[in-house]
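All remarks here apply to the structure that follows.
The values are calculated or read from the model by the stated rules, or taken from the named source; none is laboratory data. What you see is a predicted model, and the numbers here were worked out from it, not measured in a lab. Please note: Cβ atoms are built from the backbone with ideal geometry, for glycine as well, and neighbour counts cover all protein chains shown. All accessible areas refer to the heavy atoms of the entire protein, side chains included, with ligands and DNA or RNA removed. Shrake-Rupley method; radii C 1.70, N 1.55, O 1.52, S 1.80 Å.
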Amino acid sequence: MNIYEIRRYGTWVLLSLALILVGAFVWVSNRLVADLTIQERERMEVWAGATREMARAFTAGIDSNGNVAGASEPDLEFLLSILAGNHTIPVLLTDSDGVILDQRNFDLPEPVDSLEILSQANMSYLYRKLEDLKKSNNIIQIIITPENSQYVYYDDSKLLKRLGYYPYIQLAVMLLFIVVVYYALSSTKRAEQNKVWVGLSKETAHQLGTPISSLMAWMEFLQSQGIDPDVVKEMNKDVNRLSTIASRFSKIGSRPSMEIDDLNAVVMHAGEYMATRVSKRIKFTLSPSSFPVKVKMSAPLFEWVMENLIKNAVDAMDGTGAINVSVDVEGETAHVTVSDTGKGIPRKNFKTIFNPGYTTKTRGWGLGLTLARRIVDQYHGGHIYVKDSEPGRGTTFRIDLPLAK
């Protein structure tokens, strides 16, 4: 497992822990809401009990001194204190026919006068509330006599409603925090990788520059010594090749200049170069478009992408098979397709193969496809992806590029 995979798995572990913590917070909040719901139910049962006793007292009658028959005055005051003590839970008291007898703690649309006489608008509002409360479980029956019953309909208090919303608000905030942290870490990682790419590329170009200059001087010296011109010519090709590689690395380290070029010519040039350097047992087919395809591009860097794809295709076939490179246009997009008959790629790895460090070779850094994606996506505004692949049958890579306008 390479460092990039370790960091990726570490990120997922942290995200999983964060989600577990969020779940724990939501569970605790829901338990608080459930406990408060039970407490409010118990309070309303006490309130309903006090209402029942008051109704029975008035049914029994009150003497001339204001005392309830069969009950003491302190009992009446205690019941009144219970009824008046509810300042938070909205409650409606109705008779058995559904007529509202009393209401408490509702935010009425119109103010109540000093005689506590409700207006038509307020009564209409309360009856609408009553219909809504009948659909809930917040109903308590008060049996005053076998023939007379009343009903208490109550709504959740504002505190309980707020606590009911709180877990979801908390969940949304935590998820937003996780998303922000994830993107911050991703941005930091990308910035770090970009610095690594730039530093590595510039250093590689710098290190190659000195020996290439020296080799060029030696080429001139060998030519002056009468060495076989064909030998010098072939050596010069390799020196020029090294010079091209150094130039590519220097372009990766900075923003390359983009020019409108014929995609056919660039792709075919890279394909023809690679065709002469692969096994004769590999059938190499180049299928350019029938007309010029103008694309804004950096030809040296795009040739590097093509060489990487073709090298990977060759490695996947173990020296025997077929490679097809084609160019076509669809709408405002140019397509470059590289197909092989190699080992294939499992679908689960279609995106993973572009990650730094991913490789199936015993040797290699796993940076070829990562560089290819950087060149295509960031510099050319295109997209490189696995169009199709099946283990044992081959792979097709596709590059999409916008046409020049």
Pick from the range 93-102, criterion open to solvent by 30 Å² or more (accessible area, probe 1.4 Å) and assigned to a loop (DSSP other than H, G, I, E, B), ranking: farthest from residue 143 (Cα to Cα): 99
In the range 18-27, residue farthest from the chain's Cα centre (by Cα) [restricted to those that are at pLDDT 80 or above and open to solvent by 70 Å² or more (accessible area, probe 1.4 Å)]: 27
Failed item in (1) surrounded by 12 or more Cβ atoms within 10 Å (Cβ to Cβ); (2) under 49 Å from the mean Cα position of the chain (by Cα), with residue 119 passing the rest: (2)
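Against the definition (surrounded by 12 or more Cβ atoms within 10 Å (Cβ to Cβ), without any contact (Cβ under 8 Å) to a residue 60 or more places away in the chain and farther than 19 Å from residue 131 by Cα), how does residue 105 come out, yes or no? Before you say what the answer is, go through the steps one by one.
Details: surrounded by 12 or more Cβ atoms within 10 Å (Cβ to Cβ): yes; without any contact (Cβ under 8 Å) to a residue 60 or more places away in the chain: yes; farther than 19 Å from residue 131 by Cα: no.
The answer is no for residue 105.
Okay, residues lined up against (1) modelled with pLDDT of 80 or more; (2) assigned to a helix (DSSP H, G or I); (3) crowded, with 18+ Cβ neighbours inside 10 Å; (4) in contact with a Leu (Cβ under 9 Å, 6 or more places away or on another chain):
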{"position": "241", "(1), (2), (3), (4)": "no, yes, no, no"}
{"position": "245", "(1), (2), (3), (4)": "no, yes, no, yes"}
{"position": "254", "(1), (2), (3), (4)": "no, no, no, no"}
{"position": "266", "(1), (2), (3), (4)": "yes, yes, yes, no"}
{"position": "271", "(1), (2), (3), (4)": "yes, yes, yes, yes"}
Check on residue 291, more than 29 Å from residue 234 (Cβ to Cβ) and out of contact with any strand residue (DSSP E or B) (no Cβ under 6 Å at 6 or more places or on another chain): yes
Selection count where residues are within 20 Å of residue 324 (Cα to Cα), out of contact with any Gly (no Cβ under 9 Å at 6 or more places or on another chain) and open to solvent by less than 20 Å² (accessible area, probe 1.4 Å), scope the range 371-395: 3
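For the range 147-176, enumerate the residues that are β-branched (Val, Ile, Thr) and open to solvent by 60 Å² or more (accessible area, probe 1.4 Å).
Going residue by residue through the range 147-176, those that are β-branched (Val, Ile, Thr) are 152, 169, 173.
Answer for the range 147-176, where residues must be β-branched (Val, Ile, Thr) and open to solvent by 60 Å² or more (accessible area, probe 1.4 Å): 169, 173.
With the condition kept exactly as written, say whether any residue in the range 85-92 is in contact with a Leu (Cβ under 8 Å, 6 or more places away or on another chain), open to solvent by 40 Å² or more (accessible area, probe 1.4 Å) and either on the phi < 0 side of the Ramachandran plot or not in a strand (DSSP E or B) (or both).
yes
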Qualifying residue in the range 183-192 (condition: surrounded by 12 or more Cβ atoms within 10 Å (Cβ to Cβ) and either of a type in the set (Ser, Thr, Tyr) or at pLDDT below 70 (or both)): no
Enumeration of residues in the range 114-158 that are touching a residue at least 40 places away in the same chain (Cβ under 8 Å), closer than 17 Å to residue 91 by Cα and among the β-branched types (Val, Ile, Thr): 140, 142, 152
